[in-house]
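Please read the structure below before turning to the comments.
Only the coordinates and a few stated rules stand behind these numbers; no lab work does. Predicted, not measured: the structure shown is a model, and the values here were computed from it. A quick note on method: Cβ atoms are made from the backbone with ideal geometry, for glycine too, and the neighbour counts reach across all protein chains shown.
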Amino acid sequence: MCYRTKLNAKIVDIEKAFEATFVEPYLYDPKEEINGFDFSGTPVITDASTSEILFYNWGLIPFWAKNEQIKKHTLNAKIETLAEKPTFRNVISNRCLVIANGFYEWQWQDAKGRQKQKYLITSTEEEIFAFAGLYSRWKHPDSGEEINSYSIVTTEANELMSEIHNIKKRMPVVLHHSDQALWLSGKDVTNFAFPYEVSLKAEKI
């Protein structure tokens, strides 16, 4: 799974990495650790405008939701069941890049997880990278407020992540830089499921 990420790069470096521009740069808050359960807005690039970096809230709210409570369960989206789950099947073509320069995972040191080792995982290919994401637009039924939100797509863990995420054995889909446009273009999601992988490295924290 993926519930905590890192993005503390400079705006100029993020814009250069994605050849895109922040629409609201004043909203950017560099963070060593982003907690998904804060449901905060983080930088994304959507298929609707690949030259713009926007802020969408982590925790997807489908258009049909009666309230926001579902976002507690939609920080991640399993790539194997996207077409089956009501939450995601209607947005499987709503693609986005979720920008990061790291994510965190905990390795269980005992059977019940009382002791855990924290790891920071980064890409060996590039300092700033993107997770595969899906997004949704939702209007609050009472206030009329519109909220843009997203889920990070996950897949079966590779060898490294199987050792670290040693219970559920999942990992976020980190995209090769050369495949970011393919993800946004709507290429079939099965092409991005493991054994699709990017070379990762892990550091004990």
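Residue exposure proxy: F194, F18, ordered by other Cβ atoms within 10 angstrom of their Cβ from fewest to most, comes out as F194, F18. Mean residue ellipticity, 222 nm, helices only, the chain: the sum of -39500 (n - 2.57) across DSSP H runs of n ≥ 4, divided by residue count and rounded to 500, is -2500 deg cm²/dmol.
Exposed loop sites here are GluC sites (Glu not before Pro) in DSSP loop states with at most 10 other C-beta atoms within 10 Å. What is the longest stretch of the chain lacking them? Can you show the working numbers first?
Values: sites that count: E19, E84, E145.
Counting only loop sites that pass the neighbour cut-off, the longest clear stretch is 20-83.
Applying the criteria of a DSSP loop state and at most 11 other Cβ atoms within 10 Å to the chymotrypsin sites (Phe, Trp or Tyr not before Pro) of the stretch 28-127 yields F63, W64.
Per residue, the average separation of C-alpha pairs within less than 8 Å and at least 6 apart gives the chain a relative contact order of 23 percent.
Post the alpha-carbon centroid distance, the stretch 1-71 to the stretch 94-121, in whole angstrom. Using only Cα atoms to place each centre, the spacing works out to 18 Å.
When you restrict to C-alpha pairs under 8 Å that are six or more residues apart and normalise by the size of the stretch 89-176, the relative contact order lands at 28 percent.
Modelled label positions at K31 and K16, each set 7 Å beyond Cα in the direction of Cβ, lie 2.6 nm from each other. In the list (i) 47, 43, 30; (ii) 47, 37, 31; (iii) 54, 52, 32, the label attached to Cα extents along the principal axes in Å as derived from the coordinates here is (ii). Quick one: of K78/K168; K78/K187; K72/K204; K112/K169, which pairs are farther than 21 Å apart, Cα to Cα? Those over the limit are K72/K204.
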